[in-house]
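Here the structure comes first, spelled out in structure tokens, and everything after it is commentary.
No value in this document is a laboratory result; all are computed from the given coordinates. Note that the structure is predicted; figures quoted are calculated from it, not measured. Don't worry about glycine lacking a Cβ; one is built from the backbone with ideal geometry, like all the others, and counts go over all protein chains shown.
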């Protein structure tokens, strides 16, 4: 089962994803994609670690190349988050086809896991024109969000901490 959780910044996506994964029996793998650059990133990482504390998640830090992960068959997986992964692939790794590369990894993770939950963000909705590299990132995130949602069994939008089903059911 593939679940995609989207929404704006600080709207409860991670809490919803962790609650869903907590209800899954067996091993739970948390794939953390945020590269720790700067104080804000370190603070966000610490906040997420505190949220996960005591929930039985095994954290794997993987900033690029998620297709290389060897996860146990039948485990639950939470990938947090697709936006960081895209930025890492594009800007740290210089990947020319980041959507295809990420989707290859998603397919592999989905085949091995009993439940794959991917957290992403709504980007590009502000209507502001950004520098070309940022606009390319926004375009790629739009393409990735469409590809993920098409493949997903469930798509949830987090609205003020409330899960709103856009596809499938809980």
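In table form, for the structure just shown:
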quantity	calculated
Backbone N under 15 Å from the residue 37 label point (7 Å along Cα→Cβ), restricted to region 67-94	83-94
Order of 57, 91 under a 10 Å beta carbon neighbour criterion, fewest first	91, 57
Exposure proxy ranking, count of Cβ atoms within 10 Å, fewest first, for 134, 120	134, 120
Degrees between helix 98-112 axis and first principal axis of the chain (Cα, 0 to 90, nearest 10)	10 degrees
Relative contact order of the chain, pairs being alpha-carbon contacts under 8 Å that are 6 or more residues apart, as %	36 percent
Degrees separating the helix 13-22 axis from the principal Cα axis of the chain, which is the longest one	30 degrees
Degrees between helix 132-151 axis and first principal axis of the chain (Cα, 0 to 90, nearest 10)	30 degrees
Label-point separation, residue 49 to residue 149 (7 Å along Cα→Cβ), nm	3.5 nm
Cα centroid of region 45-111 to Cα centroid of region 1-42, whole Å	10 Å
